[in-house]
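Presented below is the structure to which this report refers.
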Amino acid sequence: LFAALGGVFAVACRLLLPALRELPQNGFGICTGLPDADDEAPEEALTNWLTHYFDRLSGQQAFCAQHAGAIECERPLTFGDLRAHGIDLQVMTTCLSMARPFRLPFRDDDQVRENNQFHFREEEFARLFPRRVVAWMNARQRPGNDERNDGYLRMPLPDDLPVIVAVRMSLSFPLLLSAVPLHAVDYRKREKKLERCWFTDGGISSNFPIHFFDAALPRRPTFGLDLGPTDGSDEQRVRFPRNNGDARLAYWRRFPQSGLPALRGFLAQLSNVAKDWNHETLSLMPGFRDRIGLIQLTREEGGLNLTMPAERIERLTGYGREAGQQFVLRFGNPACWQPGAKASSMNWENHQIIRLRLQLASVAEQLQSLERACRELHGTEHDYQRFFTPEARRFSYPFKGLNDLEKDPDTGLYRTQAGLAKAMLEQLRTIAQMIEQHPDSHPAKDAPKPTPELKLRPRI
């Protein structure tokens with residue numbers, strides 16, 4: 001018996017080890033997403049299929065059927081095309097080389113210049129994307145002075161980035177689908193040369209980035225669909241909070257408590273919590289839980305179940321359809337409701353008042369923290385007022401115009417950055433003191449709970 005098991009193990013190692021050695025050469029994935037040369041159905045390969053699917057959704061396929069040979073038929077769907085129709089698509093990817101998530105398309109504005117740092121190589125992208133997509137990116141490089149002849153090409157501007165490139169960078173499931181290589185300079189090194197950066201599944205760093213489109217106060221509804229496990233197949237599979245007190249409690253993730261299954265479950269949950277804790281806690285917060293629909297799936301549904309039968313796929317589609325109808329009922333035009341549908345109290349107005357109450361409560365807490373710091377340090381060598389004196393020029397990042405903090409008598413506006421900043425700090429302290437003087441009327445009193453906290457965080 002042991003000899004037989006040893007033989008099986010040896011054969012398995014002989015087959016597996018060469019495959020593992022080849023994974024890095026294939027972008028750390030079994031599949032690139034493109035067909036092999038002898039593939040009998042090349043259009044069904046993932047990236048080809050997605051590219052054509054986006055063409056069909058956008059109407060390009062129908063246009064090209066009537067205008068054969070039109071130059072538009074050679075271009076892929078871009079983020080600029082979506083923006084022209086009021087669609088703001090953003091997706092998440094994870095850069096393993098920099099150990100951080102990125103939002104796609106890469107930002108290119110006064111606050112973040114991420115897009116300027118990345119390049120791609122045509123031969124590497126040709127192994128991952130259809131020819132017309134690579135040709136488009138080659139022709140639409142962002143403007144720049146770094147003309148190169150070493151094979152490195154500049155990434156397109158955000159509006160020129162093909163949607164399929166961002167989607168593929170976001171869904172590069174580790175070891176199943178090849179990761180996507182870009183190239184950037186590590187400026188901490190003395191030699192400033194382009195090095196490969198590997199981008200893979202956005203879900204590694206943020207599996208549910210519902211915060212992407214959030215502002216201090218919402219101007220329109222934003223909502224999300226979350227996928228979670230179910231304990232049984234007979235319970236309700238599509239869940240929405242019935243009232244403001246619902247959906248506050250975490251869904252428990254149970255696993256066996258003994259033997260090898262217990263160890264597997266324990267290790268699986270370690271991984272899940274590491275990547276999902278942020279969105280799991282957000283999903284229970286007021287202002288979030290009322291706009292999230294939960295679809296509960298069995299182990300045979302979704303995920304890595306790549307060979308689901310048609311009837312199971314149709315069942316999943318039905319869950320999504322039901323969730324969409326609920327979103328329309330809660331946040332949409334009554335003219336689009338299903339026949340016989342009744343209005344829900346969990347609607348747009350309810351969401352607005354929750355967000356307003358939470359924002360004011362959180363700002364009040366932040367202002368009180370600011371006031372405590374200013375008050376405790378007042379009159380000491382660490383007083384924040386010293387940064388508004390002419391001597392503050394010796395500090396890093398001094399305000400401009402420290403010699404003139406007054407308003408222009410003609411316009412009533414502050415003449416300098418330093419004057420406006422000092423006035424802002426004084427007004428914020430005044431509001432904090434006003435809140436302190438009215439403890440019974442504190443904005444957090446009777447506000448939805450738990451109250452979130454405002455913190456400085458990096459832009460992603």
Take Asp246 and decide whether it is modelled with pLDDT of 85 or more and in the same structural domain as Gly318 (by the TED database).
yes
Kindly indicate which of Phe125, Phe129 is outside any helix (DSSP H, G or I) and assigned by the TED database to the domain that holds Phe54.
Phe129
Which condition from (1) loosely packed, with under 13 Cβ neighbours inside 10 Å; (2) in a helix (DSSP H, G or I); (3) small (Gly, Ala, Ser); (4) at pLDDT 90 or above is the one that Ser345 breaks?
(2)
Hey, can you tell me all the residues within the stretch 137-158 that are out of contact with any Pro (no Cβ under 7 Å at 6 or more places or on another chain) and within 20 Å of Pro101 (Cα to Cα)?
Met155, Pro156, Leu157
For Pro448, work out the one condition from (1) within 31 Å of the chain's Cα centre (by Cα); (2) in a helix (DSSP H, G or I) it doesn't fulfil.
(2)
Residue list for the stretch 337-369, restricted to those being more than 24 Å from Pro439 (Cα to Cα) and among the hydroxyl-bearing types (Ser, Thr, Tyr):
Ser344, Ser345
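Matching residues to (1) among the aromatic types (Phe, Trp, Tyr); (2) more than 23 Å from Gly265 (Cβ to Cβ); (3) modelled with pLDDT under 90; (4) over 16 Å from the mean Cα position of the chain (by Cα):
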| residue | (1), (2), (3), (4) |
| --- | --- |
| Met169 | no, yes, no, no |
| Ser172 | no, yes, yes, no |
| Leu176 | no, no, yes, yes |
| Val180 | no, yes, no, yes |
| Asp186 | no, yes, no, yes |
| Phe208 | yes, no, yes, no |
| Asp214 | no, yes, yes, no |
| Phe223 | yes, yes, yes, no |
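Every residue, every condition in (1) exposed (fewer than 14 other Cβ atoms within 10 Å of the Cβ); (2) under 17 Å from Pro229 (Cβ atoms); (3) modelled with pLDDT under 90; (4) assigned by the TED database to the domain that holds Gly224, yes or no:
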site: Leu263; (1), (2), (3), (4): yes, no, no, yes
site: Val273; (1), (2), (3), (4): yes, yes, yes, yes
site: Asp276; (1), (2), (3), (4): no, yes, yes, yes
site: Ile292; (1), (2), (3), (4): no, yes, no, yes
site: Gly318; (1), (2), (3), (4): yes, no, no, yes
Look through Pro174, Pro221 and report the one residue that is closer than 30 Å to Gln359 by Cβ, touching a Phe, Trp or Tyr at 6+ places or on another chain (Cβ under 8 Å) and either among the charged types (D, E, K, R) or surrounded by fewer than 19 Cβ atoms within 10 Å (Cβ to Cβ) (or both).
Pro221
Could you tell me whether the stretch 172-187 includes any residue that is farther than 14 Å from Asn115 by Cα and either of a type in the set (Lys, Arg) or assigned to a helix (DSSP H, G or I) (or both)?
no
I need every pair where a residue in the stretch 194-218 that is under 29 Å from Trp348 (Cα atoms) and in contact (Cβ under 8 Å) with a residue 60 or more places away in the chain has its Cβ under 7 Å from the Cβ of a residue that is surrounded by 15 or more Cβ atoms within 10 Å (Cβ to Cβ) and of a type in the set (Phe, Trp, Tyr), sequence separation at least 6 or different chains.
Ile210/Phe288
Suppose we filter Ala135, Ala216, Ala166 for residues that are among the small types (Gly, Ala, Ser) and over 20 Å from Arg75 (Cα atoms); which single one remains?
Ala216
Pairs under 7 Å by beta carbon, first residue without any contact (Cβ under 8 Å) to a residue 12 or more places away in the chain in the stretch 253-268, partner assigned to a loop (DSSP other than H, G, I, E, B) and surrounded by 12 or more Cβ atoms within 10 Å (Cβ to Cβ), six or more apart or different chains?
Ala262/Phe255; Ala262/Pro256; Gly265/Phe255; Gly265/Pro256; Phe266/Phe255
I'm checking my understanding of the structure. Among residues of the stretch 44-79 that are modelled with pLDDT of 90 or more and not in a helix (DSSP H, G or I), which one is nearest to Pro158 (Cα to Cα)?
Thr78
Do we have Ile164 as of a type in the set (Val, Ile, Thr) and modelled with pLDDT under 90 here?
no
Residue list for the stretch 188-218, filter: assigned to a loop (DSSP other than H, G, I, E, B) and closer than 22 Å to Pro105 by Cβ
Ser205, Ser206, Asn207, Phe208, Pro209, Asp214, Ala215
I'd like the residue in the stretch 385-411 that is surrounded by fewer than 13 Cβ atoms within 10 Å (Cβ to Cβ) and aromatic (Phe, Trp, Tyr) and, out of all such residues, is farthest from Leu425 (Cα to Cα).
Phe395
Residues of the stretch 402-431 that turn out to be closer than 23 Å to Val363 by Cβ and either among the β-branched types (Val, Ile, Thr) or over 37 Å from the mean Cα position of the chain (by Cα) (or both), as a count:
3
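Conditions (1) without any contact (Cβ under 8 Å) to a residue 60 or more places away in the chain; (2) under 30 Å from Arg248 (Cβ atoms), marked per residue:
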position: Glu365; (1), (2): no, yes
position: Ser369; (1), (2): yes, yes
position: Arg393; (1), (2): yes, no
position: Pro398; (1), (2): yes, no
position: Ala418; (1), (2): yes, no
position: Leu428; (1), (2): no, no
position: Thr451; (1), (2): no, yes
position: Leu454; (1), (2): no, yes
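The values are calculated or read from the model by the stated rules, or taken from the named source; none is laboratory data. Every value quoted in this text rests on a predicted model; they were computed, and no experiment measured them. We place every Cβ from the backbone using ideal geometry, glycine too, and count neighbours over all the protein chains shown.
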